[in-house]
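Scroll down for the structure; my scribbles are underneath it.
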Amino acid sequence: MSQPKPMPAKPNAPQGTNLQLQGGAAIVAPVSAFPGGVPGNALVVVPMAKPSDDLLAQLAKGPVALEIDQMWKLLGFNGPAVQVQDAEGRPVAIGLEDLLAGLEKHWQENKDDLNRGRLYAQELMKYGRHEKAEKVLGKVVANGGTGDDWLGLGIAQLNQEKWDDAEGTLRGAQNLLPENPLPSLHLAKVLKAKDDLAGERTMIERAIHIDPNSVDAWAYLYTQVRDRDGEAAAIAAVEELSAAEPNKKSAAPFVALQGFYSGAEETRDRALAFAQQAVDRNPRDPLALVCLSALYGQKGDLQKVIEILRPAESLMARDVRLANNYFQALFELKDIDRVTKLLNALAGSQNAQVKQFAIERSRMVAQFLQQQQAQLASAVRRS
């Protein structure tokens with residue numbers, strides 16, 4: 001879909017001055033209505049279709065601050081606009097209510113097609129329509145749904161604080177998904193809400209037993225102990241359980257710990273220590289490498305980023321996060337030869353995300369080199 005063109009300003013429309021906004025706001029107006037510059041916290045909305053009479057009336061007044069619901073209505077969307085893909089995979093915008101209505105109709109036309117119900121419920125959950133999602137998933141489960149359907153139903157009930165219903169459903173999901181830690185993690189939340197802290201801890205440890213590489217499970221263990229006994233006890237609990245078999249080789253406990261300390265500069269060294277422990281445990285763990293390299297990148301130690309990631313070049317064809325961190329360090333150090341070799345290797349990846357990354361970054365590098373050549377030519381002419 002082509003990009004919308006800005007609407008021309010009306011000759012007689014009053015021109016805005018230096019509009020001041022408290023907080024953010026949606027502004028329906030042509031950009032030319034802001035001779036003093038568009039406010040930094042404004043969203044300038046340009047209609048994509050023929051404007052309605054109501055919208056034209058607003059535009060005639062010049063810049064107008066709107067409530068978000070008013071903005072979507074004036075732009076002709078039924079509810080907030082969301083991006084979906086058409087039959088050919090192109091992004092298109094549609095009103096949320098129209099999207100959900102279309103999915104409901106699609107499901108109602110053939111309720112025996114459980115995938116239609118799953119798709120509808122997935123979008124309902126995404127946009128917080130948990131009550132409706134529960135009804136849809138309840139019918140999917142009743143018609144022979146899978147363990148994942150039971151899990152989705154339990155989460156919908158959990159999000160509505162239907163603790164008893166959620167507990168029963170999630171225990172059913174546990175039985176159907178014995179190798180999936182998620183039913184146990186969500187059941188832990190239910191038991192916490194019912195003040196069963198021992199039961200909550202049992203479910204957390206069960207999730208870790210099922211999948212020692214679940215970062216979410218280790219993070220949950222940390223927060224449960226921290227909230228009750230403090231930070232030091234929480235770290236000790238994670239370290240103690242991580243030392244047991246079969247957790248000894250998992251990087252996940254320390255990936256989880258570094259996440260609690262990586263956000264602030266004053267705790268970044270602690271995060272680095274945990275991230276290094278994660279990599280020491282499993283030098284080929286992509287997430288551990290991503291975290292450690294990102295932390296050194298935040299410190300500006302690009303040579304260290306390269307040192308960490310160079311041995312993992314073979315993993316980058318499958319993980320765009322690693323590829324990005326490595327590329328950024330090489331590019332900022334202007335190591336164009338190695339950047340080129342990296343992007344050439346990634347261009348042949350079977351991973352669509354990595355391949356697209358290689359294409360986009362190759363264009364960026366080409367533009368950079370053109371700019372460098374232009375600057376050099378300009379300097380030669382001046383001399």
Looking at ALA256, ALA288, ALA264, can you tell me which residue is out of contact with any His (no Cβ under 9 Å at 6 or more places or on another chain), surrounded by fewer than 21 Cβ atoms within 10 Å (Cβ to Cβ) and of a type in the set (A, V, I, L, M, F, W, C)? ALA264
Long-range neighbours under 6 Å by Cβ, at least six apart or interchain, first residue closer than 20 Å to ARG361 by Cβ and of a type in the set (Asp, Glu) within the range 298-325, second part of a helix (DSSP H, G or I) and modelled with pLDDT of 95 or more: ASP319/PRO286
Which members of the range 295-325 meet the condition of being over 22 Å from LEU257 (Cβ atoms), part of a helix (DSSP H, G or I) and under 21 Å from the mean Cα position of the chain (by Cα)? VAL320, ALA323, ASN324
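Residues are listed down the side, and each one gets a yes or a no for (1) surrounded by 10 or more Cβ atoms within 10 Å (Cβ to Cβ); (2) in contact with a Ser or Thr (Cβ under 9 Å, 6 or more places away or on another chain):
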{"position": "LEU330", "(1), (2)": "yes, no"}
{"position": "LEU333", "(1), (2)": "yes, no"}
{"position": "ARG338", "(1), (2)": "yes, no"}
{"position": "ASN344", "(1), (2)": "yes, yes"}
{"position": "GLN350", "(1), (2)": "no, no"}
{"position": "LYS355", "(1), (2)": "yes, yes"}
{"position": "ALA358", "(1), (2)": "yes, yes"}
{"position": "SER362", "(1), (2)": "yes, yes"}
{"position": "VAL380", "(1), (2)": "no, no"}
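Residues are listed down the side, and each one gets a yes or a no for (1) touching a helix residue (DSSP H, G or I) at 6+ places or on another chain (Cβ under 6 Å); (2) within 25 Å of ASN115 (Cβ to Cβ); (3) in a loop (DSSP other than H, G, I, E, B):
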residue	(1), (2), (3)
ALA188	yes, no, no
LEU191	yes, no, no
ASP195	no, no, yes
HIS209	no, no, no
ASN213	yes, no, yes
ALA219	yes, no, no
ALA233	yes, no, no
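In the set VAL279, VAL305, VAL290, which member is farther than 21 Å from HIS186 by Cα, of a type outside the set (Lys, Arg), in the same structural domain as LEU322 (by TED's automatic domain parsing) and in contact with a helix residue (DSSP H, G or I) (Cβ under 8 Å, 6 or more places away or on another chain)? Step through it out loud before you land on a result.
Numbers: VAL279 fails: in the same structural domain as LEU322 (by TED's automatic domain parsing); VAL290 fails: in the same structural domain as LEU322 (by TED's automatic domain parsing).
Answer to the check: VAL305.
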Take the residues of the range 338-358 that are more than 16 Å from ASN325 (Cα to Cα) and among the aliphatic types (A, V, I, L, M): which is nearest to the chain's Cα centre (by Cα)? ALA352
Which ones in the range 155-187 are surrounded by 23 or more Cβ atoms within 10 Å (Cβ to Cβ), more than 16 Å from MET125 (Cβ to Cβ) and small (Gly, Ala, Ser)? SER184
Pick from the range 79-130 the residues that are polar (S, T, N, Q) and either surrounded by 12 or more Cβ atoms within 10 Å (Cβ to Cβ) or at pLDDT 90 or above (or both): which of them is nearest to VAL141 (Cα to Cα)? ASN115
Given (1) under 25 Å from the mean Cα position of the chain (by Cα); (2) surrounded by fewer than 18 Cβ atoms within 10 Å (Cβ to Cβ); (3) not polar (S, T, N, Q), number of the condition VAL279 does not satisfy: (2)
Of all residues in the range 329-344, count the ones that are charged (D, E, K, R), within 14 Å of ARG310 (Cβ to Cβ) and outside any helix (DSSP H, G or I). 1
Report, by residue number, each residue of the range 335-369 that is more than 20 Å from ARG318 (Cβ to Cβ), charged (D, E, K, R) and modelled with pLDDT under 95. ARG363
List pairs: first in the range 140-162 and modelled with pLDDT of 95 or more, second of a type in the set (A, V, I, L, M, F, W, C) and not in a helix (DSSP H, G or I), Cβ under 9 Å, 6+ apart or cross-chain? THR146/LEU177; GLY147/LEU177; ASP148/LEU177; TRP150/LEU177; LEU151/LEU177
When the range 100-109 is examined, which residues are found to be under 26 Å from MET71 (Cβ atoms) and out of contact with any helix residue (DSSP H, G or I) (no Cβ under 7 Å at 6 or more places or on another chain)? ALA101, GLY102
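The values are calculated or read from the model by the stated rules, or taken from the named source; none is laboratory data. Not measured: the values here are computed from a predicted model. Using ideal geometry, Cβ is built from the backbone for each residue, glycine included, and neighbour counts are taken over all protein chains shown.
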